[in-house]
Structures are given as structure tokens and as C-alpha cells.
Amino acid sequence: MKTDSRRRGSPGATLEVAVLLTAATLLAIFATARYVGRWGENDTYAFAASIRAIQADPRLVPAGYVYSNGYGFPVMGVSLAYVTGLSVAHLQLFGSAFLAVWIIVPAWLAYRELTGSGRGATLATVFILVQPEFLFPILRGTHEKFTRGLMFLCLYLFVRSVAARLHWRRFAALLLAFYLAIYALVTFNNLLATSFIVAVGLALVGSLGVRWLGGTQSDESAAARRRMLYVIGVSLLLAFLFTFYTYPPARHGLLVVESMWNRLAMLFLEVQDVATNPYQAVETAWTSSSAYLLLSIPNWLLLGVSFVLWVVVTLVWWRNRSWPQVPGTLVLWSLYGAFGLLGALSVLVDISGAVAGNLQLRSFSTFAMVAAALVADRFVHWTPHRPWVLRWAYGALAVVVAFLSIVAVIKATNEPALSNKWIYYAPGELVALDWSRRSYQDATTWAGLDERLRAAIGICCAWEMEGARFDSSDLDVGTRNALISDIIRARSARLGVDLPIPGDSLRVYDNGDAEIYHLRPRTPFQR
């Protein structure tokens, strides 16, 4: 059992944080430069629409598109656009990845509290930055870069509150900051915030149970944890009031689900989607199952190593009846169990197909935040008998991290060489669609095999909000115009699907990159 030295810093801590910030900035530069701002993705489009809606109608619930799970990110987007002078398109396409850099600071602070050392904080931050499921959402133009950062901030304040139980002024200040951070988290996404609060509450109950088993349930530390139970209760109350009273759109998703079980699953397990097959993406989103398994190595490695370490630590504590007295150690152990439990429940909900399709992917990102700290904590406090073993271990770790970082970036940026879910577009594609919407103002134009181009249009131009009509995926019966480009042809060949236009269609536009075809009339009533 390690002592609670709680070293707040070291001569190299500032340098390590600076290096982490630099690495995150370089990652943001690569993610932005990979497609030079020419990409389309549904969630980024949805938030662009919500930001524009508040710009046009300055209210939390504007007349246009409303993000139902919170107003935090759209309001922040409006503020950033006003302060910087950037358009919504530039903010979402070029600013989204750079805004994720801020996560480094709260993550490092939280990990320092959980591991008890600056070196552990640095390693844990490195481990979370090589997780593709964590990187993918924060590099997009969505709320997750802020919700994840606020989660780290809440963890930092939570552990510091437990440690400051004997200093009432500090304790009160930390609780106030915790409540402010929790409410900010709720405003960005009420479902993700509620799930986080429930997990922290479960972890606190678990730590109290350990104290009871260890026979120290009446000490000041246990009393502080009991006080923190009230904090969790107040946090859940804040989330409840926001969902059902403060922000009316937040309750819509819950009310459309009939069964109480499904409503609870949506509220506590980060559910935001309707039911789909969560495992179909393995077959269709990547070039092969081998590619998927290769790119998922960081996930499985973190999951496997952290679970083994957690089980071993638990068995050792139980066998020796020597439960840790350090707040950070016990909270970290409890948090891992709580987030692991919610992750297991997420898998069950996904398999049932009741209310979610990618629930386990959402919950894994939160679980990975804690798992990274657990692995880092065990590594930095490992003391082998021979010093050279530790040097070799750090060398091997550096090689593994370098490999995992490459894998993580490839998966997080949907590298077209391995991914079937292409998000980039050629400038000529949007030029052709612009010509089609102006030339056929009352007609619909087919814009590809998926939502790629429609999302790109929504981010940069918002033509559909102005009345333009586009079709995608399966060609609608009433659609008479279709865009065919080199990218669409290449993706059609990659997926092994035929383009949904007859061979005798009339080519009415060609700019070199993209063409517009008009379907030949088959009846006297068609044009």
C-alpha cells in the first residue's frame, strides 16, 4: 500500500504538461489538415444547425433546430463565433479539433489526484490520448470535448473534496466549484452528465462498503464520504430539474420511450439514439475484420490490462484485509468498478436492441478515462527488484505508445485507406450540387450513398434550410437528378454496390470532378 504523499508538483511536471499540450495541438493540426476542412459528418452538422438557430433567434430554445440534450455547446458556439469573428462553418471545421486541446489540463489534474503523482498523471493522460474511441468524438464539432473535460474537472474537484474533509473553508469552496462544474456538464449533455453522476455515486457507495468491511467505517474519512453522498444527491437533483423543468427539449427523448426500464436506461446509460444493430458497423464500416481488430487494439489492450490489474488488486486487498487509506487510491478503485458496471449494462442494453445502437461505444469512452488512471497508477508505483527491469519497461512502453498513437489517429480520423465511412469531399462536388439546386429549384438531387455531402452542405452552406432539396442513400422515386463524382464511384466500388441511376441517364453538367445526371423521362408526366 502506498502512502499519500500527494506531491503537487515536481520540477518536471510543468514540462510534462507542456509536452502533452504540444502533442494535443499537433494532433489537432493533423486532424484538421487531413481533409483541409472539406469533410461532412452528421453530429457536426447538427450542432452547426443549432448554433445558427440561436444566432437567428437568440433564445435557449430557438425557433429552428434545437439540440435536445442541452444548450451548452450551441451557446458556446454562438459566443465563440461572435468573439472570434469566425463563421459557423469555420468554427466547426477548423476550430473543433483545436478546442479539444483544453482537455489536457483538467485531465492531468484529475489523474494527479487519482494516482498521487505527477508522473502517474502524465502517463494516464498519454494512455487516454491513444484511445481512438475517446479521440474520435472530441475532434469533431460536438459537445464531447467539453463534456469530457468537465468530467475530468469534476473528478478532480470530487477527490480534492474528499481529501479536504478537515478544512471546512477549502471543502466548501471545492464543493461550490464542483456544483458549478456539474451544472455546466448537465447543460452540455444531460444524459451523459446523469450517467457520470450515477457512476460517481456508485463509486462512493463502493468506497463506503470497503471502509465498512475494513472495520473503519466510523472514522472521519468515512464521515466525509457520507457527506459526499449528499453531494451526489444534489447533483442528481440538478440533472433532474434541468431535464424535466429548466430545459423542456431535454425530456422529449425520454417521453417518446414507453417502458420505464428503457427510460431509465436512456437517463443513466448515456443513450441518445434509436435502436440499431451495434455490431453491423464491424462488417460495413471497415475494409475487413482484420483492419477493425488492428485499429481496436488500443481499446482491448486498455480494457484487458486494467481489468486484470483491478481484479488482482481487489484480491490482494481482500486476502490481506488491508484496504487502502489513501482517498485517491480507494476512489480510483471504486470508480473503475462503477464505470465498468455501467459499461457491462450498456452491452446488455445494446444486445437487447431496445433503445440504443452505439451505447457501449459511448460508455467505453467514459470507462477509458478511469481505466487509463488505473493502469498508470499501477505502473508508476511498480518497483521491480532489479532497476534495469524498470528502465526496459519504460522503453517498451514508449514503443507501444508510439504504435498505439498511430493506430488511434488512423481510426479517429476515419482514414479512407481502411475505413469505408468516408467523410471527405472534393470541392467540385459542392459546386455541382450548387449548380443543380439553382438550375432545378423545385427538384430533388441525389447526393450520394450516405449523408456525407448533405452533412457537408449543412455545415458550410445550410442550403437545405434555404429550401434546397437533396436525397441520399437509396434513390427516392421522385428524385430525377443525381450527382456522380469520382469519390462516389470509388466508394461504390469499395462497398460493392451499384450506383442507383440507369445507364441511359442524361449528363447535364460536368466540372471535371463531379457530374449531374438527369434521369430520362419514362412517362409523359415526367420531365
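The values are calculated or read from the model by the stated rules, or taken from the named source; none is laboratory data. Computed from a prediction, not measured in an experiment: that's the story for all the values here. Every residue, glycine among them, receives a Cβ derived from its backbone with ideal geometry; neighbour counts consider all protein chains shown.
Below is a table of values for the structure above.
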quantity	calculated
Scan of segment 427-462 for residues that are of a type in the set (G, A, S) and not in a loop (DSSP other than H, G, I, E, B), ordered by number	G428, A432, S436, S439, A455, A456, G458
Pairs, first under 18 Å from L129 (Cβ atoms) in segment 388-414, second buried (at least 17 other Cβ atoms within 10 Å of the Cβ) and of a type in the set (D, E), C-beta under 8 Å, six or more apart	none
Residues of segment 145-189 satisfying the condition of being among the charged types (D, E, K, R), within 28 Å of S96 (Cα to Cα) and in contact (Cβ under 8 Å) with a residue 60 or more places away in the chain	R148
Subset of segment 47-59 (residues that are of a type outside the set (S, T, N, Q) and surrounded by fewer than 18 Cβ atoms within 10 Å (Cβ to Cβ))	A56, D57, P58, R59
Any pair with Cβ under 6 angstrom, 6 or more apart, that starts in segment 191-206 at a residue that is without any contact (Cβ under 8 Å) to a residue 40 or more places away in the chain and farther than 17 Å from N69 by Cα and ends at one that is buried (at least 24 other Cβ atoms within 10 Å of the Cβ) and of a type outside the set (D, E, K, R)	none
Index of the failed condition, S505 passing every other in (1) touching a Leu at 6+ places or on another chain (Cβ under 8 Å); (2) under 30 Å from T287 (Cα atoms); (3) of a type in the set (S, T, N, Q)	(2)
Criterion (more than 25 Å from V19 (Cβ to Cβ) and among the basic types (K, R)) met by exactly one of R160, R119, R170, R148	R170
Subset tally (residues that are within 16 Å of E429 (Cα to Cα) and either of a type in the set (V, I, T) or crowded, with 18+ Cβ neighbours inside 10 Å (or both)) for segment 477-498	8
Where a residue in segment 446-465 is touching a residue at least 12 places away in the same chain (Cβ under 8 Å) and in the same structural domain as T142 (by TED's automatic domain parsing) and its partner, wherever it lies, is of a type in the set (A, V, I, L, M) and surrounded by fewer than 23 Cβ atoms within 10 Å (Cβ to Cβ), with Cβ under 7 Å and at least six apart	none
Sole residue being at pLDDT 90 or above and buried (at least 20 other Cβ atoms within 10 Å of the Cβ), chosen from F379, F364	F379
Residue within segment 420-439 that is within 17 Å of I297 (Cβ to Cβ) and under 20 Å from the mean Cα position of the chain (by Cα) present	no
Qualifying residue in segment 317-335 (condition: at pLDDT 85 or above and of a type outside the set (A, V, I, L, M, F, W, C))	yes
Considering residues of segment 480-501 that are touching a strand residue (DSSP E or B) at 6+ places or on another chain (Cβ under 9 Å) and without any contact (Cβ under 8 Å) to a residue 40 or more places away in the chain only, the residue nearest to S436 (Cα to Cα)	A482
Residue in segment 399-416 that is within 24 Å of the chain's Cα centre (by Cα) and within 30 Å of L519 (Cβ to Cβ) present	yes
Residue in segment 60-67 that is surrounded by 22 or more Cβ atoms within 10 Å (Cβ to Cβ) and either of a type in the set (F, W, Y) or in contact with a Phe, Trp or Tyr (Cβ under 8 Å, 6 or more places away or on another chain) (or both) present	yes
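Each row is one residue, and each column tells you yes or no for (1) free of Cβ contacts under 8 Å to residues at least 24 places away in the same chain; (2) in a loop (DSSP other than H, G, I, E, B); (3) of a type outside the set (D, E, K, R); (4) more than 16 Å from H90 (Cβ to Cβ).
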| site | (1), (2), (3), (4) |
| --- | --- |
| E16 | no, no, no, yes |
| A23 | no, no, yes, yes |
| A31 | no, no, yes, no |
| T44 | no, no, yes, no |
| I51 | no, no, yes, no |
| G64 | no, yes, yes, yes |
| S68 | no, yes, yes, yes |
| P74 | no, no, yes, yes |
